[in-house]
Each structure stands twice: as structure tokens, then as C-alpha cells.
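Read the structure below first, then the notes.
The values are calculated or read from the model by the stated rules, or taken from the named source; none is laboratory data. Being a predicted model, the structure only gives us computed values, none of them experimental. Please note: Cβ atoms are built from the backbone with ideal geometry, for glycine as well, and neighbour counts cover all protein chains shown.
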Amino acid sequence: MAATFAISLRRGKWDTIDTVWGLGFAGVALVSFGLSTGDGSLALRLVVTALTVIWGVRLAAHLHIRNHGKPEDRRYAKILSDAKGSPNAHMVRVVFLPQGVIMWFVSLPVQVAQYGEQSFGILGYLGVAVWLTGFLFETVGDWQLSRFAADPVNKGTVLATGLWRFTRHPNYFGDACVWWGLYLLACHSWVGAATVLSPLAMTYLLAKGTGKPLTEKHLSNSRPGYAEYVARTSGFFPLPPKKTHAV
């Protein structure tokens with residue numbers, strides 16, 4: 001986070017932290033793997049590390065491409081506008097320190113799983129299945145949204161096809177599943193099972209914290225027809241669309 005802060009200052013943009021968010025988790029997994037050499041099940045350690053790195057690098061690449069060449073993200077512009085005193089110090093307090101703490105806390109299952117001594121069993125296969133479901137939802141959802149936004153015909157409209165027909169946030173739902181999958185991989189030990197607050201925290205942030213609520217507030221103010229989309233589409237978990245009737 002300190003390095004990211006320095007890079008952001010040099011660039012004059014704060015969206016660097018979006019790219020580093022995924023890379024940070026990948027780094028945690030790799031460092032944890034190195035520190036646990038000689039401990040735990042090698043198969044479990046390799047799977048946990050590989051899944052975390054794949055997720056983190058994919059997310060980092062997606063966000064970097066999305067933000068490249070764009071003006072400052074509206075979230076950071078709003079945070080800066082609320083600063084009292086030094087804007088840089090305000091960004092450290094409001095963004096960088098909290099992000100670092102959250103990254104450490106959410107990644108606890110990945111860290112603990114490196115020391116699980118049991119062989120790769122049923123919880124491992126279940127965890128991989130949940131992770132794969134989440135990764136597909138997140139990746140396909142991001143791809144569908146990027147393709148939709150790139151078409152000028154769709155400017156100002158709402159994406160309501162593909163995975164977005166069944167949930168207003170397939171990417172956030174997928175992200176949550178990824179972390180529940182990694183948690184299940186850590187559950188081979190009681191210490192791993194005790195890290196349940198980590199995926200709960202990530203799910204809360206996505207569904208009730210800085211993810212879904214902020215996104216929907218912006219879309220409600222900028223997309224005609226978004227209220228109708230909200231009325232028929234599940235807010236988080238994928239469900240069949242509701243039937244709505246015009247009054």
C-alpha cells in the first residue's frame with residue numbers, strides 16, 4: 001500500500017489502487033506459499049496459491065484496462081472533495097490504510113490454508129467448485145459489461161442480458177463465491193474454519209458496503225430505466241427475473 005501510494009502520487013491519479021487490489025492478494029498467496037515451505041499439504045498449498053493468483057491477476061488486468069486513459073474515478077474524486085486538510089493524508093486515512101487492513105483480513109483463509117496438514121479431500125473439491133463458479137460469473141460478467149459499454153449504441157442504457165438478466169451484479173456475486181471457495185479450502189483445519197469472518201467481510205463489502213450500494217446509487221441517477229431493471233432483477237444472488245406489470 002505504501003508503494004501504491006507513492007506510485008499514485010507520481011501518476012497524479014488514485015485508481016492505481018484498483019489494479020493493486022487483485023495483485024496484492026496474489027502477492028499474499030505467493031509470500032504465504034514461500035513461508036510455509038515444508039509445512040502443510042503441498043497439493044493444497046499449490047491449489048490455494050494458484051487459484052488466488054489467477055483470480056488476482058485477472059482482476060488486476062481487467063481493472064487496469066478499464067481505467068486506462070480515463071479521467072479520475074468518481075469515487076476517488078468524491079473522497080478528495082471531502083478532504084479537510086491535506087488531500088494526500090486524507091487518502092491515506094480513508095483509502096490506503098483501510099484497503100491494506102481489509103486485504104490482510106480477507107486473505108486470512110489463503111494464509112492459513114498453506115499450513116493445513118490434511119490431504120486434499122472433499123472440502124478441497126467443493127472449494128474448487130465454488131471458486132470456479134464465482135470465477136466464471138465474475139469473468140463472464142465483466143466481459144459482457146465491457147462489450148456492452150464499448151458499443152456507442154448502448155450509451156445511457158442498462159445491460160439486462162446475459163448474466164445481468166439474473167443478477168444486477170454477477171461480478172460482485174462471483175467475487176464473493178471466489179472467497180467462499182478459498183475459505184472452504186482452508187477448512188481442512190479448525191484454524192482455517194475459524195477464518196469464516198473473512199469471506200463474510202468480503203461478501204458484506206460487496207453486497208452492503210462499498211460495492212453494490214455505491215454502484216446502484218450512481219446508476220439510479222444516470223441510467224433511465226434502471227428502476228424497472230431493479231424491480232425485476234435480483235440484487236445479488238442469481239435468480240429468474242420477476243414478472244413486472246405496467247400500471
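Quick notes
- 3 or more residues at pLDDT 95 or above and in contact with a helix residue (DSSP H, G or I) (Cβ under 7 Å, 6 or more places away or on another chain): qualifying helices (runs of 4 or more DSSP H) within the range 137-247: 170-186, 197-207
- Checking S81 against (1) among the small types (G, A, S); (2) surrounded by 13 or more Cβ atoms within 10 Å (Cβ to Cβ); (3) within 24 Å of T215 (Cα to Cα), the condition it does not meet: (2)
- Across the range 143-171, the qualifying residues are those that are loosely packed, with under 15 Cβ neighbours inside 10 Å and among the small types (G, A, S), and the one among them that is farthest from the chain's Cα centre (by Cα) is G156.
- The number of residues in the range 109-125 being among the aliphatic types (A, V, I, L, M) and free of Cβ contacts under 8 Å to residues at least 40 places away in the same chain comes to 1.
- Subset of the range 66-78 that is in contact (Cβ under 8 Å) with a residue 40 or more places away in the chain and assigned to a helix (DSSP H, G or I) - its residue that is surrounded by the fewest Cβ atoms within 10 Å (Cβ to Cβ): R74
- All of V92, V106, V101, V128 fail the test of being touching a Gly at 6+ places or on another chain (Cβ under 9 Å) and either touching a residue at least 24 places away in the same chain (Cβ under 8 Å) or surrounded by fewer than 17 Cβ atoms within 10 Å (Cβ to Cβ) (or both), apart from V128.
- Positions within the range 1-35 being over 21 Å from the mean Cα position of the chain (by Cα) and among the basic types (K, R), in sequence order: R10, R11
- Matching option when the condition is of a type in the set (G, A, S) and farther than 18 Å from I102 by Cβ, among G162, G209: G162
- Pick from the range 152-181, criterion out of contact with any Phe, Trp or Tyr (no Cβ under 9 Å at 6 or more places or on another chain) and of a type in the set (D, E, K, R), ranking: farthest from T195 (Cα to Cα): K155
- Residue in the range 53-63 that is part of a helix (DSSP H, G or I), among the basic types (K, R) and over 17 Å from the mean Cα position of the chain (by Cα) present: no
- Long-range neighbours under 7 Å by Cβ, at least six apart or interchain, first residue touching a residue at least 40 places away in the same chain (Cβ under 8 Å) within the range 49-65, second of a type in the set (S, T, Y): R58/T139; A60/T19; L63/T19; H64/T19
- Taking the criterion of being crowded, with 22+ Cβ neighbours inside 10 Å, over 19 Å from G22 (Cα atoms) and of a type in the set (S, T, Y), the only residue of the range 172-202 that qualifies is T195.
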